[in-house]
Amino acid sequence: MKMSHLMFGLLAGVLSCGAMAQQPIVIKFSHVVAVDTPKGMAADFFAKKAAELTKGKVKVEVYPNSQLYKDKEEMEALQLGAVQMLAPSLAKFGPLGVREFEAFDLPYIFDNYEELHKVTTGPVGAALLAKLEPKGIKGLAYWDNGFKSFSANTPIKTPADLKGKKMRIQSSKVLEEEMRSLGALPQVMAFSEVYQALQTGVVDGTENPISNLYTQKMHEVQKHLTLTDHGYLGYAVIVNKKFWDGLPADVRGQLETAMKDATTYANKIAKEQNDKDLESVKKSGKTQVYVPTKEEREAFKKALTPVHAKMADRIGKDLIQSIYKETGFTAQ
């Protein structure tokens, strides 16, 4: 009797080990934006592609809309291994101690996606991602969201129109300086809290790519939007380095391919989605959309590009010059 019990126990153990061996590797992918934003759709695309290419060995669980962690919490959660993957905005790496990423926050440093991608897909972008490794983070890719525009409850046609306005920004010394250059009052705030802050008048306005403005319904509490395209908002897809290095080499290779495909997809839909959401904002009738004249755009550029020189010691003069070299930027 005892022998049969022992045999049964051994058999159960073997079966459970077999079941465990077949359990997929779970990657928790946390982000703070809506499912139907460029980042949200790209995260879901990556999850499907990862399952397909690894033949189910990897299961990517996507948690959108700050379901797991808010802006300020997610980076620590990744470093501790509570989540494996994030796609934080590039402004998040300055507070982490990698100030060079704040170059992406510099106003008007990129005039279009072509200039931007020369940096994000080239050696400058790769060198920046490598600076995350001492922090226990592996950078995999850059994903676009889009170019930011100013919104407020009063018209914005000149830099002076933002003077004295309380403007929500991400935590970034560059963005603080940007707002101060306009005479505005920068207000650092978690993304998930912005709608309510706009609704209650805690802040007067914000800067966002259109997809963020629309999907978070900020346009419902902002009467004016001016298409300044003054700054870029993008993301770095990052993983916990220890987790990534511990994956089997073949699985890591398959995930790298999945990420490459997801990045192509992300950057394609970012522009499409922003264009589509702009039409939706216009159709809503809640926000008046203003397109600056060439002269008005130049006035914003003239007011904001001095931020580059002011932040050069913080970000690194050589890095800024290397970006200028890639993009052909010339100071006003």
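Derivation of every value follows stated rules applied to the coordinates shown; laboratory data play no part. For clarity, every value in this text was computed on a predicted model and none was experimentally measured. For neighbour counting, all protein chains shown are included, and Cβ atoms are generated from backbone atoms with ideal geometry for every residue, glycine included.
So if I place +1 on the C-beta of Lys and Arg and -1 on the C-beta of Asp and Glu, and nothing else carries charge, what would the dipole magnitude of the chain be about its Cα centre? I want it in debye, nearest 20.
Computed charge dipole of the chain: roughly 440 debye.
Would you work out which of Thr154, Ala303, Pro24 lies farthest towards the positive end of the dipole of segment 22-327? Charges go on Cβ: Lys and Arg +1, Asp and Glu -1.
Pro24
Based only on other Cβ atoms within 10 Å, what is the fewest-to-most ordering of Asp144, Asp71?
Working: Asp144 26, Asp71 20.
Ordered by Cβ neighbours within 10 Å, fewest first: Asp71, Asp144.
Just to be sure I understand the rule: take each whole DSSP H helix in the chain, project its Cα atoms onto its long axis, keep it if the span is 20 Å or more and its mean Kyte-Doolittle hydropathy is at least 0.5. Which ones pass?
Values: long enough: 2-21 (28 Å, 1.29); 38-53 (22 Å, -0.02); 249-284 (49 Å, -1.12).
The answer, listed by residue number, is 2-21.
Sort 79-91, 279-291, 98-110 for me by packing, meaning the mean count of neighbouring Cβ atoms within 10 Å per residue, highest on top.
98-110, 79-91, 279-291
Looking only at Cα atoms, what is the convex hull volume of the chain per residue, in Å³?
Here the figure is 147 Å³ per residue.
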